[in-house]
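Written below as structure tokens is the structure these notes are about.
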Amino acid sequence: LPIIAIKGVSKRYPNDVVALENISFSLEKGEFCFLTGPSGSGKSTLLRLLYCAERPTSGDIFIDGVNVKTIKQTYIPILRRRIGVVFQDFKLLQDRTVFENVALALEVIGFNRDQIALRVNKVLENLGLGGKGKRYPQELSGGEQQRVAIARAIVNRPPIILADEPTGNLDPQRTMEVLDIMDELNARGTTILFATHDERLFEGTMRRVVRLQDGRLEVEYS
Ligand code: ADP
Ligand code: ADP
């Protein structure tokens, strides 16, 4: 059973823009797949559908075999716990420290204070942010902020990571660091869907690539 299955999915926004048209593909558990295509081709829309920020106009999306169209509103937060999302602009809370930004994901699922401290400090340590817990996002470099965002996405150990142009604001060295982190998470068994318009990120890799063009699935190779 694929961990993500997208079947005949289309998305039309209220302004009548057709962002996706009849998309079908699936990801097996443990896969690392790049989602590429030019700006405006529908990559963000597809990820937004997967983390249930939008609903498809037609077609079906299955996460772990569960059709997201038919689930109750109250189940969406539970589904979202299984998906860590990383954005181009980090989306960190500026008035919270690094520690607090990462801890929030565990607070909402009811971990106690000690469990939170253990988990958060460990994940910050793993991502090379050991000394940064008390800092605020604006005191960090872009690369560090993105690693905080990744820490927040993975601290509750979701089986799926969705990354939307996560390296779009980073220099080549920080970009490589993010790719290395994703590789390592994937090596631990995390399924990764990594959206980027930047073909250099997967040139020469053996990774699977799914390409969108004007909302259609154009090329897929693995
Ligand atoms: P990408 O991530 O590949 O740049 P998007 O999914 O952001 O592509 O956009 C796909 C198309 O949908 C574009 O034409 C874009 O302008 C349009 N679009 C994206 N979000 C919205 C929205 N919230 N409302 C209306 N149109 C949108
Ligand atoms: P333990 O389970 O003994 O605490 P692990 O080696 O499983 O230690 O985890 C070490 C770190 O890696 C933790 O910070 C955890 O958040 C992270 N981690 C473990 N498994 C995953 C996973 N599947 N996806 C993302 N992060 C993970």
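Determine if segment 183-192 includes at least one residue that is modelled with pLDDT of 95 or more, within 15 Å of ligand 1 (Cβ to nearest atom) and not in a loop (DSSP other than H, G, I, E, B).
no
Only one of (1) open to solvent by less than 40 Å² (accessible area, probe 1.4 Å); (2) touching a residue at least 40 places away in the same chain (Cβ under 8 Å); (3) more than 16 Å from ligand 1 (Cβ to nearest atom); (4) not polar (S, T, N, Q) fails for residue 143. Which number is that?
Residue 143 satisfies every listed condition except (2).
Could you list, in sequence order, the residues of segment 1-24 that are buried (at least 21 other Cβ atoms within 10 Å of the Cβ) and within 16 Å of ligand 1 (Cβ to nearest atom)?
Here is the first cut: in segment 1-24, the residues buried (at least 21 other Cβ atoms within 10 Å of the Cβ) are 4, 6, 9, 11, 19-20, 23.
Residues satisfying the conditions are 6, 9, 11, 19, 20, 23.
Of everything in segment 72-129 that's under 23 Å from residue 189 (Cβ atoms) and of a type in the set (Gly, Ala, Ser), which residue is farthest from the chain's Cα centre (by Cα)?
Going through the qualifying residues, I end up with 128.
Quick check on my filter: what residues within segment 25-47 are open to solvent by 20 Å² or more (accessible area, probe 1.4 Å), in a loop (DSSP other than H, G, I, E, B) and under 17 Å from residue 216 (Cβ atoms)?
38, 39, 40
The values are calculated or read from the model by the stated rules, or taken from the named source; none is laboratory data. None of the values given here were measured: they were computed from a predicted structure. Cβ sites come from the backbone with ideal geometry, for glycine too, and all protein chains shown count toward neighbours. When the accessible area is computed, the model is the full protein with side chains, heavy atoms only, and any ligands, DNA or RNA have been set aside. Shrake-Rupley method; radii C 1.70, N 1.55, O 1.52, S 1.80 Å.
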